[in-house]
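S.K.: Okay, handing you the structure first.
The values are calculated or read from the model by the stated rules, or taken from the named source; none is laboratory data. What you are looking at is a predicted structure, and each value in this text was computed from that prediction instead of being measured. Positions of Cβ are generated from backbone atoms using ideal geometry, with glycine treated the same way; all protein chains shown enter the neighbour counts.
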Amino acid sequence: MLEGRMMPEMILLPNGQVLIINGAQTGYAAISSVAVVQGNSNADHAALTPSLYDPLAPLGRRISNKELPTTDIARMYHSSVTLTPSGNILLAGSNPNVNVNETVKFPTEFRVQYLNPPYMSMARPTLSGVPAKIAFDSRFTVQVTIPQSVNRSSEIKVALMDLGYSSHAFHSSSRLVFLDASLSSDRKSLEILSPPNNRVYPPGPGYLFLTVGDATSAGMRVMVGSGASPPVPDQGRRI
């Protein structure tokens, strides 16, 4: 990474990149469990600038913080972050103290922030006519609008995502599955193949995102599978 960082969160983005955010550059997680660094905090030197990891970039250039904003709000222990259905990032929390404490270097934090990945400032594609429920191993068609500024040869990615949940610098149950998709000749509709079974994507709610080139749409909510409460039998086809 570009700097030492502990207690980070790694957030999957719909385009396949990973946002590395929050945490500190020195020390340890938790509070008052090692030699105290700052007040009750085991950590110091908050990491204030996020990084973006691109697994498709050339080796040695996969992590960058170019054009990513630096904040003055430390997000240390007890912080949370999540991708939103709009496609941006919601940040909240930080309290490396036993109780509410607003007098130390890393106080109890009540402010909430949004971070916009680069695709939020572009002309964005849109999805419409997305079915409320999709079965496993089935094809369905949605309507799309692709901005004229997007190159016609740009790669198309359709991501089905569970946004997961966040606490204590751990992000749990998030998932991203890229789906096979074919764009119509008039570029106005997409035929999409859903996940083959519930082992690839757990049954339940998710969000469908479309990325064309560098531009990513907002997410559309869908129910994947039967929508029944667990436990449920296997769905879809065996692989």
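S.K.: Taking the condition at pLDDT 95 or above and within 18 Å of Phe170 (Cα to Cα), does Thr49 pass? First the steps, then the outcome.
M.R.: Working: at pLDDT 95 or above: yes; within 18 Å of Phe170 (Cα to Cα): no.
No, not satisfied.
S.K.: Can we say Ala123 is within 30 Å of Asn95 (Cα to Cα), in contact (Cβ under 8 Å) with a residue 24 or more places away in the chain and either in contact with an Asp or Glu (Cβ under 7 Å, 6 or more places away or on another chain) or surrounded by fewer than 16 Cβ atoms within 10 Å (Cβ to Cβ) (or both)? Talk me through it step by step, then tell me what you get.
M.R.: Values: within 30 Å of Asn95 (Cα to Cα): no; in contact (Cβ under 8 Å) with a residue 24 or more places away in the chain: yes; either in contact with an Asp or Glu (Cβ under 7 Å, 6 or more places away or on another chain) or surrounded by fewer than 16 Cβ atoms within 10 Å (Cβ to Cβ) (or both): yes.
For Ala123, the condition - within 30 Å of Asn95 (Cα to Cα), in contact (Cβ under 8 Å) with a residue 24 or more places away in the chain and either in contact with an Asp or Glu (Cβ under 7 Å, 6 or more places away or on another chain) or surrounded by fewer than 16 Cβ atoms within 10 Å (Cβ to Cβ) (or both) - is not met.
S.K.: Out of the stretch 223-232, which residues are assigned to a loop (DSSP other than H, G, I, E, B) and either modelled with pLDDT of 90 or more or touching a His at 6+ places or on another chain (Cβ under 6 Å) (or both)?
M.R.: Of all residues in the stretch 223-232, those assigned to a loop (DSSP other than H, G, I, E, B) come to 225-232.
If the condition is that a residue be assigned to a loop (DSSP other than H, G, I, E, B) and either modelled with pLDDT of 90 or more or touching a His at 6+ places or on another chain (Cβ under 6 Å) (or both), then Gly225 is the only one that fits.
S.K.: Is there any pair with a first residue in the stretch 24-43 that is free of Cβ contacts under 8 Å to residues at least 24 places away in the same chain and a second that is among the hydroxyl-bearing types (Ser, Thr, Tyr) and surrounded by fewer than 19 Cβ atoms within 10 Å (Cβ to Cβ) whose Cβ atoms are under 7 Å apart and which are 6 or more apart or on different chains, and what are they?
M.R.: Val34/Tyr28
S.K.: OK, next. Name the single residue that is farthest from Gly164 (Cα to Cα) among those in the stretch 57-98 being in contact (Cβ under 8 Å) with a residue 40 or more places away in the chain and in contact with a helix residue (DSSP H, G or I) (Cβ under 7 Å, 6 or more places away or on another chain).
M.R.: Looking at residues that are in contact (Cβ under 8 Å) with a residue 40 or more places away in the chain and in contact with a helix residue (DSSP H, G or I) (Cβ under 7 Å, 6 or more places away or on another chain), I get Glu67.
S.K.: Those residues that are of a type in the set (Lys, Arg) and crowded, with 19+ Cβ neighbours inside 10 Å, I need them from the stretch 44-103; list them, please.
M.R.: Kept after step one, since they are of a type in the set (Lys, Arg), are these residues of the stretch 44-103: 61-62, 66, 75.
Selection gives Arg75 alone.
S.K.: When you go through Val36, Val112 one by one, which is the residue that is surrounded by fewer than 17 Cβ atoms within 10 Å (Cβ to Cβ), hydrophobic (A, V, I, L, M, F, W, C) and more than 19 Å from the chain's Cα centre (by Cα)?
M.R.: Values: Val112 fails: more than 19 Å from the chain's Cα centre (by Cα).
Answer to the selection: Val36.
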